1. State the extension gain, in nm to one decimal, for the chain segment bounded by residue 176 and residue 108, taking 0.36 nm per residue of separation less the distance between their alpha-carbons.
2. Determine the shape class of the stretch 8-246: with a ≥ b ≥ c the square roots of the Cα gyration tensor eigenvalues, call it rounded for a/c under 1.5, and otherwise prolate if a/b is greater than b/c, oblate otherwise.
3. Under 8 Å for C-alpha pairs, at least 6 residues apart: give me the relative contact order for the stretch 126-256, rounded to a whole percent.
4. If you take the beta carbon distance between residue 250 and residue 158 as r and set R0 to 35 Å, what does 1/(1 + (r/R0)^6) give as a FRET efficiency, to the nearest 0.05?
5. Using a ≥ b ≥ c from the Cα gyration tensor of the stretch 80-201 (square roots of the eigenvalues), is it rounded, prolate or oblate, where a/c under 1.5 gives rounded and otherwise the larger of a/b and b/c decides, a/b for prolate?
6. Would you mind calculating the gained length between residue 117 and residue 206 on full extension (0.36 nm times residue separation, minus the Cα-Cα distance), in nm to one decimal?
7. Give me the extension gain from residue 50 to residue 133: residue separation times 0.36 nm, minus the current Cα-Cα distance, reported in nm with one decimal.
8. If each of residue 82 and residue 186 carries a label point 7 Å out from its Cα toward its Cβ, how far apart are those two points in nm?
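The numbers here are math on the coordinates, done by the rules we state, and not lab data. Note that this is a predicted model, so its numbers are computed, not measured. Methodologically, a virtual Cβ is constructed for each residue, glycine included, from the backbone with ideal geometry; neighbour enumeration extends over all protein chains shown.
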């Protein structure tokens, strides 16, 4: 059996809630200096052919580049998903260039859905492109199906210095997701899920994260469903806080 590790569990309270038991309220950061960026449409080459992608450029002196992946394409997931967009804006608030892309069979990307197997190759192609384009360490964030694929692709990849899994799926679309491989995943990891996530019940998400090699932090957003409906600002603030704490301590994030 894989070794179990202790993960830090933090609860984000609603902005109107009073902190209790030592917890603190997370609220959106004040506007400091907005980061200007351009959006470029890019075609990457992956194992199944063309990969449709969008690049949000960043500051020239950015310390990292980032890749963000989307939820299950058979259920409407694309790089234009709201959670993916808000994750991109978190990285952008630090001036980090961000690549979003469509997995095979989604949008204009070629190929057919491969149940998370071939999609690992798609994500690695995105990492390859960002490494070649920017030649700097990479941070990753994925939502739902994209978080599972991203963890599989990024764990152990020395180019990737941090991994954020948003809405970690445990049981969705008739499939059970297993995370035993996290016991060998040494990179800093952030998991953000809702307490009302219909595809990742809190107890099961906590059990999955408990298998992860430290450092691993779990943030539960109260009353948030799988898509963080009405709670996107809390998800975004938790991600921004993690980026600032672990990777960009000298920078204050601008609120997108």
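1. Working: separation 68, 0.36 × 68 = 24.48 nm, distance 2.80 nm.
Fully extending the segment from residue 176 to residue 108 adds 21.7 nm.
2. Oblate.
3. Dividing the mean separation by the residue count of the stretch 126-256 yields 18 percent.
4. Values: r = 24 Å, r/R0 = 0.68.
Between residue 250 and residue 158 the formula returns 0.90.
5. rounded
6. Details: separation 89, 0.36 × 89 = 32.04 nm, distance 2.46 nm.
Here the segment from residue 117 to residue 206 would lengthen by 29.6 nm.
7. Here the segment from residue 50 to residue 133 would lengthen by 28.1 nm.
8. Going from the residue 82 label point to the residue 186 one covers 4.0 nm.
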